[in-house]
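What follows is a short report on a single structure.
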Amino acid sequence: MINITLPDGSVKQVEKGTSSMDIAKSISEGLARKVLAATVNGIVFDANRPINEDATLKLLTWNDTDGQMTFWHSSAHLMAEAVESMFPGVKFWVGPPLDNPKGFYYDMDLGDRKMTEDDLAALEKKMNELAKQQNVFSRKEMSKADAVKYFTEKGDEYKLDLLQNLNDGEITFYTQGNFTDLCRGPHIPNTGFIKAIKLTNIAGAYWKGDEKNKQLTRVYGVTFPSQKEMDEHLAMLEEAKKRDHRKLGKELGIYTMDDQVGPGLILWMPNGGVIIEELEKLAKESEQAAGYKRVVTPHIAKESMYLTSGHLPYYADSMFPPMEMDGDRYYLRAMNCPHHHKIFDAELRSYKDLPLRLAEYGTCYRYEQSGELFGLMRVRCLHMNDAHIYCSKEQFAQEFKAVNDLYLKYFKIFGIEKYVMRLSLHDPEKLGQKYVNEPELWKETEELVRNVLIETGVPFVEVKGEGAFYGPKIDVQIWSAIGREFTLATNQVDFAQSRSFNLTFTNAQNEKEIPLIIHRAPLGTHERFIGFLLEHYAGKFPMWLAPVQVKVLPISDKFVDYAKAVSDKLKNADIRAEVDDRNEKIGKKIRDTEMMKVPYMLVVGEKEMNENKVAVRRQGKGDIGLKSIDEFMNEAVAEIKERRAE
RNA sequence: GCCGUUGUAGCUCAGUGGUAGAGCACUUCCUUGGUAAGGAAGAGGUCGUGAGUUCAAUUCUCAUCAACGGCUCCA
């Protein structure tokens, strides 16, 4: 007999070799129907795998992330079985579960054959058939020698590649129905648990994620234990689509694009222009207060500058090809830093000038690969909330912290809570290749940056091998409505470019010293930031950012003059107000204004005109009552001035 | 750049081997209406672009451009 400890602390005595499923059954039949897998002493186990020693047991159901992961991983196997039946001879790579977006994929080599979306429906049908058979997932251990022999005979180079990293005792096979796969498991008890299946798309994916390798076919899918959950999932995706900045950007007249202008080139429409103005106002205010100085620099420069900076030839692929002029090659800039370095270098600098903080909303051009363009989030012309801080080593920690504090200030204003701070470090093995060869400086600055983060109490993750070539950085990662991850803002250390540009200052000992540089863009770029804000607010911008802040809606033509008087008064108080003087009924005007997500509507008719008042209506909330014009105006001005979230 | 999908009116989308339709938006008229769509009429498209097949192509084939879903890459 062995002792099984359950999460509530109770201990069950069972025969050696009893499975978690048996234990679930002994508790209740209902529970047994829901058990997908279990953790035994913290290790995820198949529900029907025998337990041979004393253990703490947690039964996993759909409510556990590990349960869902097991479910989707098993679904990938089910899909593989269906694919193999329709494409005999197919070779499989890996088929992991996914948390975001939810579901799973399987990478496969179809040889000369091609799979198209038409095949997905047939595959789904086959999967449903196989699921109904309630085929059991059975586990079998195998020696490495036997496994290698098995896949060599099969001619499966992919699984042989996987085996290279495995040893005896780690190699298990799972079989369900007619499909057997090398797999560490675990799996759900049988395929019958999978009740709702949807294969979502088909894509190419490079083997091992390396574009030099062969491209495999990847099929994405998602499954659920009931149709109800599938329906909920699909409804959620529909909701997410409504937040998509590309859809909202069009509906709200924020931006447009045009074939003749070119891909990835944004045309900001008047409503977008207002948001840009407001963001720049915010940036300039806070930078002014934090001791930054504004500069303005050209969008192009000669090749030699980018040779000095080290951006060419390493960055050449991301830059537009050069223009030949007067025997020189000029590049559209992909970054602002070299221009700013030249301003630093234009005068002899003393330690008394430092820290020198140069700020510019700099326009950059990047030749992003065509497949990477994505609405406002990934474009070819961008406006960066850029600044470069030149400081001494002693000043560095304080300066870096000040930048970090600026981030947090902005996050509070915008109510940004769902993000991940990522500390990107260098990879010591790639010093001199991907990273400038300054091991001591790397170590030192990474430590400084980490300490700032710890001090500020911001949760962060560390990633090795993600640093810039010139130093470590902190990125703020966010997710778009459709679940794609982006870097919203960045704060980078640079101890390389000051060397390549020969930047120096005279220290108190009258010696030349090389400054450290901080590159920072807390508001990222206008493009990505506004794309993010559109999704973050679902188009319902707070008052201070809203392109139109107040719409005055006269009940009929008779009150248009009064409406215009109200609107003029608001405009004089710097409120963006407009009158809807169309020949429409009030219901129609309200509907249209609601859809444009204007924060306030002022309905004015006979009653309001006679009393010098307005009937206030808040977007999304409805009628909030009569107010005098002055009362509304004062409140509105305060709401804007304080940049209130609502 | 690679794999897959799509491209019809300003927007959302039907449709067809015999040179095109709906709703919304737009213009004009009627209506002057009190908190999420009043009514009528009108205007608007060489069906992404180029070539091929055909008596005939928006429809079939190929190429190309762009967008979308991924991969790689990045703010």
Scanning for something at pLDDT below 95, outside any helix (DSSP H, G or I) and closer than 18 Å to residue A:197 by Cα, does the stretch A:78-95 turn up at least one residue? yes
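Yes/no per residue for (1) closer than 25 Å to residue A:407 by Cα; (2) in contact (Cβ under 8 Å) with a residue 24 or more places away in the chain:
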position	(1), (2)
A:436	no, yes
A:440	no, no
A:460	yes, yes
A:468	yes, yes
A:473	yes, yes
A:484	yes, yes
A:515	yes, yes
A:518	yes, yes
A:524	yes, yes
The stretch A:24-54, residues that are among the hydrophobic types (A, V, I, L, M, F, W, C) and touching a helix residue (DSSP H, G or I) at 6+ places or on another chain (Cβ under 9 Å): A:24, A:31, A:32, A:35, A:36, A:37, A:38, A:40, A:44, A:45, A:47, A:51
Within the stretch A:374-417, of all residues that are away from RNA strand B (no atom under 16 Å from the Cβ) and within 21 Å of residue A:545 (Cβ to Cβ), the one surrounded by the most Cβ atoms within 10 Å (Cβ to Cβ) is A:413
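Residue-wise test of (1) under 22 Å from the mean Cα position of the chain (by Cα); (2) open to solvent by 30 Å² or more (accessible area, probe 1.4 Å).
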residue	(1), (2)
A:434	no, yes
A:437	no, yes
A:442	no, no
A:447	no, yes
A:459	yes, yes
A:473	yes, yes
A:478	yes, no
Candidate set from the stretch A:579-618 (those that are assigned to a loop (DSSP other than H, G, I, E, B) and open to solvent by 30 Å² or more (accessible area, probe 1.4 Å)); member that is farthest from RNA strand B (Cβ to nearest atom): A:612
Condition set touching a Ser or Thr at 6+ places or on another chain (Cβ under 8 Å) and either part of a strand (DSSP E or B) or aromatic (Phe, Trp, Tyr) (or both), scope the stretch A:347-363, selection nearest to RNA strand B (Cβ to nearest atom): answer is A:362
Going by the structure shown, is residue A:212 open to solvent by 10 Å² or more (accessible area, probe 1.4 Å) and within 16 Å of RNA strand B (Cβ to nearest atom)? yes
What pairs come up if the first residue lies in the stretch A:368-379 and is within 17 Å of residue A:321 (Cα to Cα) and in a helix (DSSP H, G or I), the second is near RNA strand B (Cβ under 6 Å from one of its atoms) and modelled with pLDDT of 90 or more, and their beta carbons are under 8 Å apart, counting only those six or more places apart or on different chains? A:370/A:263
Select from the stretch A:259-297 the residues that are more than 26 Å from the chain's Cα centre (by Cα) and within 12 Å of RNA strand B (Cβ to nearest atom) and list them in ascending order. A:259, A:260, A:261
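The values are calculated or read from the model by the stated rules, or taken from the named source; none is laboratory data. Bear in mind that the values here come from a model prediction, so they are computed numbers and not experimental data. Every residue, glycine among them, receives a Cβ derived from its backbone with ideal geometry; neighbour counts consider all protein chains shown. Heads up: the accessible areas ignore ligands, DNA and RNA and are worked out on the full protein's heavy atoms, side chains in. Shrake-Rupley method; radii C 1.70, N 1.55, O 1.52, S 1.80 Å.
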